[in-house]
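Structure first, then comments.
The values are calculated or read from the model by the stated rules, or taken from the named source; none is laboratory data. Owing to the predicted nature of the structure, the values given are computational and were not obtained by experimental measurement. Positions of Cβ are generated from backbone atoms using ideal geometry, with glycine treated the same way; all protein chains shown enter the neighbour counts. Heads up: the accessible areas ignore ligands, DNA and RNA and are worked out on the full protein's heavy atoms, side chains in. Shrake-Rupley method; radii C 1.70, N 1.55, O 1.52, S 1.80 Å.
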Amino acid sequence: MGSVLSFEENMTKSILLSNQAKNKQPQLLVFFGTFVDTPELGELRIRERTSIGVLDGIIKFINVNSLDPLKDCLDYDAGLSPEDVTVINIVGEDKTGLSSFYFPGFIDTHNHVSQYPNVGIFGNSTLLDWLEKYTFPIEAALANEDIAREVYDAVICKTLSNGSTTVAYYNTIDFKSTKLLAQISSVLGQRVFVGKVCMDANGPAYYIEDTKTSLESTVKVVKYIRETLCDSLVNPIVTPRFAPSCSRELMQKLSKLVKEEDIHVQTHLSENKKEVQWVQELFPECANYTDVYDKYGLLTEKTILAHCIHLTDAEAQVVKQRRCGVSHCPISNSSLTSGECRVRWLLDQGIKVGLGTDVSAGHSCSILASGRQAFTVSRHLAMKETDHAKLSVPECLYLATMGGAQVLHKEDSLGTFEVGKQFDVQAIDTNVPGSNVHLFRWQLPRQEKEKEQENGLYKNPPLLTKEDIIAKWFFNGDDRNTTKVWVAGRLVHQI
């Protein structure tokens, strides 16, 4: 009678098989269709009839106005035969290539995976009482690995189905559940930054750790991810929850770890006015909230600062000087009435800004939904200030992709379609059954023969431009339109 494998053994086996599958890519993949991205803030680049060759997850060539994607591959490498190439073509039924397109994978720079069961639950709370009433209890519950496993699987599948190929996750203070999150992320193939939350101060008795345990368990997470899991898609990230939950000693020791091991950092900054006041009371030796992190060594070019709603001019200058990135979380900021982040003000100063879902204060795992809310919040600011505060559709899509890549210090490898970058991509189809994006046939460009046949039916209705179609997807699209998702060239989601 054979022995029964433990969960840990089964998970290890699954990770090994998953990593073998990731590494087993003998064929050159060539993707054909319309590619849309945002290489610069405000620029919407649309390349039709384009082929992109991908090998080992990396973009090897881009051929615009391609006549034959298979030939493009053979021209790229004369040693290839047709059998060595797989062609993926997503041109839609309208044959124009307009209703279906490739878009870079979204980058979610702030997601509390452990809070997902609370999505949509706010009561009448603002930040600090919401943490006590809803957040700490659900995070503590995930010390139960059966609960944690169910939650992590649901969140990763949900974010992938919404086109998020890269996510920075906050977990809990528990080492074992954080290790489990890294394992499941590896198996499901998402590019992630996994953080064990650190908090040795101002937490409830049932959900707090001492300084020594917090540091040691963080080191264990880093070592496990880098030395045991060994998956290039799974990265550790040091995660002091926010200044009020961390002692000076803990922040200093985490800073030392960050510098020695060259690790990313994620935390919260200036989300709520009462929080800002509380920080000033807790750290009277510091000039302001930002100065706490700066004084104790946590501001680096790989630091993600969530929210940054109530920054002063002086604080913004420090954020810029330290080359930190800001995660704009407009859904949660509105839901908890925390305030309106002045994104244009940050961008004008050259500060890196990306988008975060901030589940569960944010009620959606969709970065597209966050982008829409960012658009709306900027309009509210414009009504108080000037039109300069407004964000356009291309700008919001930039924040969702290239902006997020900059915040993660990964702009050289993520965020746009360029030779040498990772192929992290979502295939969008606006014509899927049940789509909330409604494109009428007579709104799309037609062949001359079709125009003749329809001459008596339609009185020259205005046609949609490519930019119009992308805007309709931005405002009306959802996970039904994300038909396939690839991370590092590997298909990880499809409908």
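Consider the range 31-83. How many of its residues are touching a Phe, Trp or Tyr at 6+ places or on another chain (Cβ under 9 Å), open to solvent by less than 30 Å² (accessible area, probe 1.4 Å), free of Cβ contacts under 8 Å to residues at least 60 places away in the same chain and in a strand (DSSP E or B)?
So the answer is 3.
Name the one entry in 233, 257 that is among the hydrophobic types (A, V, I, L, M, F, W, C), at pLDDT 95 or above, crowded, with 21+ Cβ neighbours inside 10 Å and touching a strand residue (DSSP E or B) at 6+ places or on another chain (Cβ under 7 Å).
233 is the lone residue from the list that is among the hydrophobic types (A, V, I, L, M, F, W, C), at pLDDT 95 or above, crowded, with 21+ Cβ neighbours inside 10 Å and touching a strand residue (DSSP E or B) at 6+ places or on another chain (Cβ under 7 Å).
Of the residues that make up the range 301-312, is at least one open to solvent by 50 Å² or more (accessible area, probe 1.4 Å) and assigned to a helix (DSSP H, G or I)?
For the range 301-312, residues open to solvent by 50 Å² or more (accessible area, probe 1.4 Å) and assigned to a helix (DSSP H, G or I): absent.
Could you list, ordered by first residue, the pairs with Cβ atoms under 6 Å in which the first is in the range 397-408 and more than 10 Å from residue 41 (Cβ to Cβ) and modelled with pLDDT of 95 or more and the second is of a type in the set (Val, Ile, Thr) and surrounded by fewer than 24 Cβ atoms within 10 Å (Cβ to Cβ), at least 6 apart or interchain?
Sorted first by the residue in the range 397-408, then by its partner, the list stays empty.
Do you know which of the residues in the range 187-205 that are farther than 20 Å from residue 251 by Cα and under 16 Å from the mean Cα position of the chain (by Cα) is most open to solvent (accessible area, probe 1.4 Å)?
Only one residue tops the list, namely 188.
Do you know which of the residues in the range 165-179 that are open to solvent by 10 Å² or more (accessible area, probe 1.4 Å) and either in a helix (DSSP H, G or I) or in contact with a Pro (Cβ under 7 Å, 6 or more places away or on another chain) (or both) is farthest from residue 141 (Cα to Cα)?
179
Just give me the residues in the range 326-375 being part of a helix (DSSP H, G or I), open to solvent by 10 Å² or more (accessible area, probe 1.4 Å) and over 17 Å from residue 158 (Cβ atoms), in sequence order.
334, 335, 344, 345, 347, 348, 372, 373, 375 - these are the residues of the range 326-375 that are part of a helix (DSSP H, G or I), open to solvent by 10 Å² or more (accessible area, probe 1.4 Å) and over 17 Å from residue 158 (Cβ atoms).
Please find, within the range 1-30, the residue that is least open to solvent (accessible area, probe 1.4 Å) out of those that are at pLDDT 60 or above and of a type outside the set (A, V, I, L, M, F, W, C).
Here the answer is 18.
Going by what's in this entry, would residue 318 be described as more than 24 Å from the chain's Cα centre (by Cα), over 21 Å from residue 344 (Cα atoms) and outside any loop (DSSP other than H, G, I, E, B)?
no
Applying the selection to the range 376-409, what residues are part of a loop (DSSP other than H, G, I, E, B) and surrounded by fewer than 24 Cβ atoms within 10 Å (Cβ to Cβ)?
If the condition is that a residue be part of a loop (DSSP other than H, G, I, E, B) and surrounded by fewer than 24 Cβ atoms within 10 Å (Cβ to Cβ), then 385, 386, 390, 392, 409 are the ones that fit.
Quick one: in the range 288-299, of everything that is in contact with a Cys (Cβ under 7 Å, 6 or more places away or on another chain) and surrounded by 19 or more Cβ atoms within 10 Å (Cβ to Cβ), which residue is nearest to residue 132 (Cα to Cα)?
Out of the qualifying residues, it is 292.
Return the residues of the range 180-205 that are in a helix (DSSP H, G or I) and in contact with a Lys or Arg (Cβ under 8 Å, 6 or more places away or on another chain); say none if nothing qualifies.
Listed by number, the residues that qualify are 180, 184.
Take the residues of the range 108-132 that are more than 20 Å from the chain's Cα centre (by Cα) and of a type in the set (A, V, I, L, M): which is most open to solvent (accessible area, probe 1.4 Å)?
So the residue we want is 121.
Can you pull out the residues in the range 118-133 that are within 20 Å of residue 365 (Cα to Cα), of a type outside the set (A, V, I, L, M) and in a helix (DSSP H, G or I)?
118, 130
Taking only the range 249-263 into account, find how many residues are farther than 15 Å from residue 200 by Cβ and in contact with a Gly (Cβ under 9 Å, 6 or more places away or on another chain).
Residues meeting the conditions: 3.
It is to be established whether one or more residues within the range 144-154 are small (Gly, Ala, Ser), closer than 29 Å to residue 251 by Cβ and either touching a residue at least 40 places away in the same chain (Cβ under 8 Å) or open to solvent by 50 Å² or more (accessible area, probe 1.4 Å) (or both).
Scanning the range 144-154 turns up no residue that is small (Gly, Ala, Ser), closer than 29 Å to residue 251 by Cβ and either touching a residue at least 40 places away in the same chain (Cβ under 8 Å) or open to solvent by 50 Å² or more (accessible area, probe 1.4 Å) (or both).
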